[in-house]
1. For the structure I just gave you, tell me whether residue 91 is farther than 30 Å from residue 253 by Cα, free of Cβ contacts under 8 Å to residues at least 60 places away in the same chain and assigned to a loop (DSSP other than H, G, I, E, B).
2. Scan the range 72-88 for residues that are touching a residue at least 40 places away in the same chain (Cβ under 8 Å) and more than 24 Å from residue 310 (Cβ to Cβ) and report the count.
3. Being touching a residue at least 40 places away in the same chain (Cβ under 8 Å), closer than 30 Å to residue 57 by Cα and over 17 Å from the mean Cα position of the chain (by Cα): is that true of residue 128 here?
4. Here are 275, 251: which of them is touching a helix residue (DSSP H, G or I) at 6+ places or on another chain (Cβ under 8 Å), more than 15 Å from residue 156 (Cα to Cα), modelled with pLDDT of 95 or more and not assigned by TED's automatic domain parsing to the domain that holds residue 161?
5. Condition first: on the phi > 0 side of the Ramachandran plot, out of contact with any strand residue (DSSP E or B) (no Cβ under 6 Å at 6 or more places or on another chain) and part of a loop (DSSP other than H, G, I, E, B). Now tell me which residues in the range 212-251 satisfy that.
6. Only one of 264, 298 is farther than 12 Å from residue 125 by Cα and touching a helix residue (DSSP H, G or I) at 6+ places or on another chain (Cβ under 7 Å); which?
7. Given the conditions (1) assigned to a helix (DSSP H, G or I); (2) within 20 Å of residue 155 (Cβ to Cβ), report the number of the one that residue 305 does not fulfil.
8. Grab the strands (runs of 3 or more DSSP E) fully contained in the range 102-202, keeping just those with 3 or more residues being buried (at least 19 other Cβ atoms within 10 Å of the Cβ).
């Protein structure tokens, strides 16, 4: 079988390539892709060739082909239907951490069954919701906490939607783009511009990927408040002010990254448990508000370039592969 795959040939240049796909062997599944999703932050960094040399091995996607900065086949939000494999999986819709490709073969253990009541397109958000779950495991908000999420991207919005379900928790999203107020309203959380960011927050989660966002988190945390840095800056330096009241208020800054289970759950959960939880959480139809664009697979090279340059705004942009043959 021949499939179509998206490759980054070199920084800022991508193309579609034909790729041979074998039949599924013992313990494997052949998946025909329905949708892939573009993870704006990470995939833009990869497209621009901004993965630091020292992080290239750690930043490899599970089924990545090639190496940074390119040629590289990268991506990890793929939903498709199993066409060959174990009887209990054939015909099921599954999520896999696979790049943008119309069909592929992976071990059966590498796919997670999408619940029947979760639409296939919404299921591409599983990776983002899984990341949000890990962030909240790291952050461990308490009942009644005042929580701010800095940055209304896919991850920030997913974190805010999940956090609002904790009894008594007050959630606000801060973002520089006033157009994000609409999606915040649909997610049931408050929106604020940076100049109006609420103060004295018990927990501030930065997903903005910017110096200004991290600084705002520091400036708006309460005494002995916690700041979770959930962004990834690639090879860019970040500069913040740790003078003023940073030390007197005894603030804590900790990182969160989905590549490792949060320490609080490392002994009791697996990555498969975490992904399964994310897929179940996607029964919430509010997550459809994070799906803000869709294109044919034929347009993927142009779409990726536009997202990486910022000329195509939005949250999760999905790629429709259903007519890819």
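The values are calculated or read from the model by the stated rules, or taken from the named source; none is laboratory data. Predicted model, so just to flag it, every value in this text is computed and none were measured. Cβ placement follows ideal geometry from the backbone for every residue including glycine, while neighbour counts extend to all protein chains displayed.
1. Numbers: farther than 30 Å from residue 253 by Cα: yes; free of Cβ contacts under 8 Å to residues at least 60 places away in the same chain: yes; assigned to a loop (DSSP other than H, G, I, E, B): yes.
In short, yes.
2. Initially, the range 72-88 is screened for residues touching a residue at least 40 places away in the same chain (Cβ under 8 Å), giving 72-86.
Next, from what is left, pick out any that are more than 24 Å from residue 310 (Cβ to Cβ): 78-86.
Total meeting the criteria: 9.
3. On the way: touching a residue at least 40 places away in the same chain (Cβ under 8 Å): yes; closer than 30 Å to residue 57 by Cα: yes; over 17 Å from the mean Cα position of the chain (by Cα): no.
Judged against the criteria, residue 128 is not a match.
4. Working: 251 fails: not assigned by TED's automatic domain parsing to the domain that holds residue 161.
Sole residue among the options that is touching a helix residue (DSSP H, G or I) at 6+ places or on another chain (Cβ under 8 Å), more than 15 Å from residue 156 (Cα to Cα), modelled with pLDDT of 95 or more and not assigned by TED's automatic domain parsing to the domain that holds residue 161: 275.
5. Here is the first cut: in the range 212-251, the ones on the phi > 0 side of the Ramachandran plot are 224, 234, 244, 250.
Of the ones still in play, those that are also out of contact with any strand residue (DSSP E or B) (no Cβ under 6 Å at 6 or more places or on another chain) are 224, 234, 244.
The answer is 234, 244.
6. Values: 298 fails: touching a helix residue (DSSP H, G or I) at 6+ places or on another chain (Cβ under 7 Å).
Testing whether each residue is farther than 12 Å from residue 125 by Cα and touching a helix residue (DSSP H, G or I) at 6+ places or on another chain (Cβ under 7 Å) leaves just 264.
7. Of (1) assigned to a helix (DSSP H, G or I); (2) within 20 Å of residue 155 (Cβ to Cβ), only one is false for residue 305: (2).
8. Working: elements: 103-107, 111-113, 146-150, 170-174, 190-192.
Where strands (runs of 3 or more DSSP E) fall fully within the range 102-202 and carry at least 3 residues being buried (at least 19 other Cβ atoms within 10 Å of the Cβ), they are 103-107, 146-150, 170-174.
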